Amino acid sequence: MKDQIETIQTEALARIEAANDARAIEDARVAILGKQGSLTKVSAGMRDVPKEDKALVGQLLNAARQAITSALDSKKTALQDAQDAEALKGIDPTLPGRSVHHGSLHPLTHIRHEAISILRRMGFALADGPEIEDEFHCFDALNTPEDHPARNEKDTFYFDSGKLLRTHTSSVQVRTMEGQAPPVRIIAPGSAYRRDEIDATHLSVFNQLEGLYVDTDVSLGDLKGTLEYFLHELFGPETEVRFRPHFFPFTEPSFEIDVKLHAKGQAPKWIEVAGCGMVDPAVFDQINGSRKDEAFSPDQVTGFAFGMGLDRLAMIRWGIRDIRLLIENDSRFLRQFG
Ligand code: DAH
């Protein structure tokens, strides 16, 4: 039996050595270790081995089984390695992988999120209103006279019904005050529509962010402090900000706000980013008339309001020279914000 075991082992190892594919190895395993395998069959002979030899023969059998099993394993691994090497021929696995493009926020979305988060930290809550408005909320309640140019058919998209696409987000001021007594501290980001000729700085649909703060004793100092802080948070603490007297029907006094832009290779210049002012008492009167109460009595409350161009803020922030890039969805442009 000892000889038999040795012979089987020698033959088995030779057969495994000669096997040159996975199939041949599996066949060898079955032929040697399988139910009808040569080694399995010999093992059955243990029964007839004299007691005193059993230990020795048993050891031999185990050793043979182990040697064969490990030969099978290492041959299998060697074959797999050879196969892998063959598959990789001509491929350099040390080359860097192809990068996967990550999506990113649109610059407008990005600047809107940032503006909202700064203003929310200062206690402003989000408000909203319809984009299809009526003349009262867009103009009359905001103290805008019948003959104001903004009301012109040439400048505004009117529907046959007499409704219109809001020309600014200031209508949300009116809607908010109609529904809520002071104190009011809201911001309203959203689209506005004008019949502008489209060019590098104008779109007929653009984005604004409106703000309104009404309470007792709100002052021009509050307005200046709030908006300066906001612009410094957005563009950096060094940013120069200027308030330039202007006219809006719904605020008195009114200002336009400019920030100084230092574009590479260009002389610094002032760029207008927002309109603002102290809410005109005539607006409070309109609101009270609409609410049928005196909640916004001009004797008791004051307020400030502002409206900024979000597209403009994004253009300044990233040095975008043409506003049309913001709506064209050219991936070569958008990819730069990833
Ligand atoms: N609605 C103005 C515009 O679209 C911007 C504006 C100016 C908004 C002054 C305000 C404000 O709230 O107080 O040009």
- Could you check D293 against (1) away from the ligand (no atom under 16 Å from the Cβ); (2) out of contact with any Lys or Arg (no Cβ under 9 Å at 6 or more places or on another chain); (3) at pLDDT below 95 and say which number it fails? (3)
- Message: Please go through the stretch 203-218 and give me each residue that is open to solvent by 50 Å² or more (accessible area, probe 1.4 Å) and more than 26 Å from the chain's Cα centre (by Cα), ordered by number.
- Response: T216, D217
- Note on the structure: Going through (1) touching a residue at least 40 places away in the same chain (Cβ under 8 Å); (2) not in a loop (DSSP other than H, G, I, E, B) one by one, M315 fails only at (1)
- Query: Looking only at the stretch 277-290, which residues are within 16 Å of the ligand (Cβ to nearest atom) and outside any strand (DSSP E or B)?
  - Reply: D280, P281, A282, V283, F284, Q286, I287
- Message: When the residues of the stretch 227-276 are narrowed to those that are acidic (D, E) and within 16 Å of the ligand (Cβ to nearest atom), which ends up most open to solvent (accessible area, probe 1.4 Å)?
- Response: E252
- Task: Among the numbered conditions (1) open to solvent by 70 Å² or more (accessible area, probe 1.4 Å); (2) more than 16 Å from the ligand (Cβ to nearest atom); (3) acidic (D, E); (4) within 24 Å of D222 (Cα to Cα), tell me where D128 comes up short.
- Result: (2)
- Flagged in the stretch 281-293 as open to solvent by 30 Å² or more (accessible area, probe 1.4 Å) and within 14 Å of V218 (Cβ to Cβ), in numbering order, are P281
- Being open to solvent by 40 Å² or more (accessible area, probe 1.4 Å) and at pLDDT below 90, is that true of even one residue in the stretch 105-113? no
- Query: Based on what the data block shows, is D155 in a loop (DSSP other than H, G, I, E, B), within 12 Å of the ligand (Cβ to nearest atom) and modelled with pLDDT under 95?
  - Reply: yes
- Message: Within the stretch 294-311, does at least one residue satisfy the condition of being more than 26 Å from S219 (Cα to Cα) and either assigned by TED's automatic domain parsing to the domain that holds G225 or free of Cβ contacts under 8 Å to residues at least 40 places away in the same chain (or both)?
- Response: yes
- Note on the structure: Cβ pairs under 7 Å, 6+ apart or interchain, first in the stretch 1-30 and assigned by TED's automatic domain parsing to the domain that holds L61, second outside any helix (DSSP H, G or I) and crowded, with 19+ Cβ neighbours inside 10 Å, ordered by first then second residue, are I25/A19; A28/A19
- Quick one: which strands (runs of 3 or more DSSP E) lie wholly within the stretch 162-272 and hold at least 1 residues that are in contact with a strand residue (DSSP E or B) (Cβ under 9 Å, 6 or more places away or on another chain) and not assigned by TED's automatic domain parsing to the domain that holds R317? none
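The values are calculated or read from the model by the stated rules, or taken from the named source; none is laboratory data. The model shown is predicted, which means the values in this text are computed figures rather than measured ones. No Cβ is skipped: glycine too gets one built from the backbone with ideal geometry, and neighbour counts run over all protein chains shown. Protein only, heavy atoms only, side chains kept; ligands, DNA and RNA dropped before computing areas. Shrake-Rupley method; radii C 1.70, N 1.55, O 1.52, S 1.80 Å.
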